[in-house]
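Enquirer: Sending over a structure as structure tokens; questions will come in a sec.
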Amino acid sequence: MLSYVFLTSGAALFFTQSWEILKKFFSMFLSGMWETVFISIFGTAFGVLIGLGAGILRTIPVMPGDSRFKKGLLKFLNVLLSAYVEVFRGTPMIVQAMVIYYGAASSGIYMEKNFAAIFIVSINTGAYMAEIVRGGILSIDKGQFEAAHSIGMDHFNTMIYIIMPQVMRNILPAIGNEFVINIKDTSVLNVISVTELYYQSKSIATQNFMYFQVFLITSIIYLILTFSVTRLLRLFEKKLEGADTYTIMGSHTMGHAAFKVDEKKGAIL
Amino acid sequence: MSNIVEVKHLKKSFGTNEVLKDIDFSVREGEVVCIIGSSGSGKSTLLRCINMLEIPTSGEILYEGKNILDGDVAPSQYRAKMGMVFQQFHLFNNLTVLDNCTVGQRRVLKRSKSEAESTAMKYLSMVGMDAFINAKPRQISGGQKQRVAIARALCMDPEALLFDEPTSALDPEMVGEVLTVMRTLANQGMTMIVVTHEMSFARDVADRIVFMDDGVIVEEGSPKEIFTAPKNQRTRDFLKRIIEI
Ligand SMILES: Nc1ncnc2c1ncn2[C@@H]1O[C@H](COP(=O)(O)OP(=O)(O)OP(=O)(O)O)[C@@H](O)[C@H]1O
Ligand SMILES: [Mg+2]
């Protein structure tokens, strides 16, 4: 009985303390959270663009009549991209952050903190996305490429208008995954003093020494962020899948719906 | 009439497997050529070489007097002139029926959106698919897909259309609607090279039948010549097998 009272009062105390911390340092938590969100959104977005770009470049076909120079250049590009993927997948982001930030500083380039943060997350994500996109391209039916080529579309048009939209849909879950990972992994950027959520939490904790309380709040914020991202991406996926119905047009009357067809039910509505 | 495309001494190997052995073949403007032959004889490979989807090992493909294998002619410009219709349709899965027909016009021929759309509507109504412009490929039947695929090829104003077994992947009740469209095109004077197992179509529509076996053109001639009086024993054997089925 006594121990129960002790426990509940201990728990009560703990929650009061946590609440007080949250109230007192709310703006710091919030700014850290925004910083984390900001860096991971842009880092993921640029990373995806890098991945798509790498995918387009790596699949450039060699045609008969291509010069030796073009063939050499393509080969060089491929080696370069493979090296990029290997290096950035094979080293921890926390180490990459140190090397890039202090490497730039020692060669006289001062990188703005947020720029450095987004830069590091982007190229790191890009290395993973390059492989994901490569897999995504491989999973597209060869007939899609052939049909595009057969109407005279060149490699870039084929990739941009036909292949990549299909790849994007297929890899959306993987992109979501990278996004979630980035929300968590931006925490390592505290080593170059980027004021994201983890950095802010550490600053708060060093002021009041209530590490447990502070980081419990921090972990709840991270969880809310990752959970919302997962949910939002699900919605987006649903939306991308498009409508199950399409409208049959009355002959020669573009824009005038005659009736609707439901794909799943196979019925005319 | 002049040749649209002329193939000379064409050879194609996959590794050590020589699939096309010294093929000479040409198509005249307005001609309908049907290529027949048993499975694995190299019919698709020949068609794909003519469209540059396969790169020949050696030989020449002459288009407007130029060998397109020299690298002087941009492959994309040439391919746009040789429309291809595939057995498996290969409509662009991410695009609607209308966009399937406009994307090439816009990106390759650089037509405006409205011009591309009105051209698309013209050919989509010709194949009877103008009511389905908003549908995605997964929402329409095989026969409908193939008709859209034909419209997509026509939208590029091709000099010739290449068909690789356009009805082989279709349920029997859908074969007719596709063949009807092809007959219409033939009547309108479209130059067509058709790989097919539809012997009645070949007999009725073709100006010339080409029989291939084991990577060579064994015999060619008018439908009458090939179907009623084949000269070569291999042609006779093939036709006998076909008719037994
Ligand atoms: N990409 C490829 N790689 C290796 N071998 C191939 C390839 N494409 C075709 N072949 C081979 O070339 C030969 C001819 O194939 P092709 O598809 O041209 O025959 P086909 O006459 O069209 O037959 P079908 O009536 O079955 O379509 C076959 O032996 C096939 O295995
Ligand atoms: Mg074939």
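Enquirer: Could you tell me whether B:ARG107 is at the interface with another protein chain (Cβ under 8 Å from one of its Cβ atoms) and more than 16 Å from ligand 1 (Cβ to nearest atom)?
Expert: It is true that B:ARG107 is at the interface with another protein chain (Cβ under 8 Å from one of its Cβ atoms) and more than 16 Å from ligand 1 (Cβ to nearest atom).
Enquirer: How about the stretch A:201-226: which of its residues are under 21 Å from A:ALA117 (Cβ atoms) and touching a Leu at 6+ places or on another chain (Cβ under 9 Å)?
Expert: Scanning the stretch A:201-226 gives A:THR218, A:ILE221, A:TYR222, A:LEU225.
Enquirer: Can you tell me which residue is modelled with the lowest pLDDT among those in the stretch B:202-245 that are within 16 Å of ligand 2 (Cβ to nearest atom) and out of contact with any Lys or Arg (no Cβ under 7 Å at 6 or more places or on another chain)?
Expert: This residue is B:ILE242.
Enquirer: Same structure, new question: Say we look at the stretch A:135-155 and pick out the residues that are closer than 16 Å to A:ARG169 by Cβ and buried (at least 18 other Cβ atoms within 10 Å of the Cβ); which of these is nearest to the other protein chains (Cβ to nearest Cβ)?
Expert: A:GLN144
Enquirer: A:PHE88 passes all but one of (1) more than 14 Å from chain B (Cβ to nearest Cβ); (2) farther than 20 Å from A:ALA174 by Cα; which number fails?
Expert: (2)
Enquirer: On the basis of being over 30 Å from B:VAL85 (Cβ atoms), modelled with pLDDT of 95 or more and either more than 9 Å from every other protein chain (Cβ to nearest Cβ) or in contact with a helix residue (DSSP H, G or I) (Cβ under 9 Å, 6 or more places away or on another chain) (or both), does A:ILE109 make the cut?
Expert: no
Enquirer: Here is a further query. Of everything in the stretch B:36-59 that's more than 9 Å from ligand 2 (Cβ to nearest atom) and surrounded by fewer than 17 Cβ atoms within 10 Å (Cβ to Cβ), which residue is farthest from the other protein chains (Cβ to nearest Cβ)?
Expert: Ranking the qualifying residues of the stretch B:36-59, first place goes to B:SER38.
Here's the yes/no breakdown for (1) touching a strand residue (DSSP E or B) at 6+ places or on another chain (Cβ under 8 Å); (2) modelled with pLDDT under 95; (3) more than 15 Å from ligand 1 (Cβ to nearest atom); (4) outside any helix (DSSP H, G or I):
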| residue | (1), (2), (3), (4) |
| --- | --- |
| B:THR45 | yes, no, no, no |
| B:LEU62 | yes, yes, yes, yes |
| B:ASP72 | yes, yes, yes, yes |
| B:TYR78 | yes, yes, yes, no |
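Enquirer: Please work out if B:SER26 is without any contact (Cβ under 8 Å) to a residue 24 or more places away in the chain and within 15 Å of ligand 1 (Cβ to nearest atom).
Expert: no
Enquirer: At least 2 residues that are closer than 23 Å to B:VAL103 by Cβ and within 12 Å of chain A (Cβ to nearest Cβ) in each: list the strands (runs of 3 or more DSSP E) lying fully within the stretch B:141-218 that qualify.
Expert: B:160-164
Enquirer: Among the residues of the stretch B:118-131, is any closer than 22 Å to A:GLN144 by Cα, among the charged types (D, E, K, R) and away from ligand 1 (no atom under 16 Å from the Cβ)?
Expert: Checked against the condition, which is being closer than 22 Å to A:GLN144 by Cα, among the charged types (D, E, K, R) and away from ligand 1 (no atom under 16 Å from the Cβ), the stretch B:118-131 yields no hits at all.
Enquirer: Here is a follow-up. Quick check: anything in the stretch B:95-111 hydroxyl-bearing (Ser, Thr, Tyr) and closer than 30 Å to B:MET199 by Cα?
Expert: no
The values are calculated or read from the model by the stated rules, or taken from the named source; none is laboratory data. Since the structure is predicted, the reported quantities are computational estimates derived from the model, not experimental observations. Ideal geometry is used to build each Cβ from the backbone, glycine not excepted, and the neighbour counts take in all protein chains shown.
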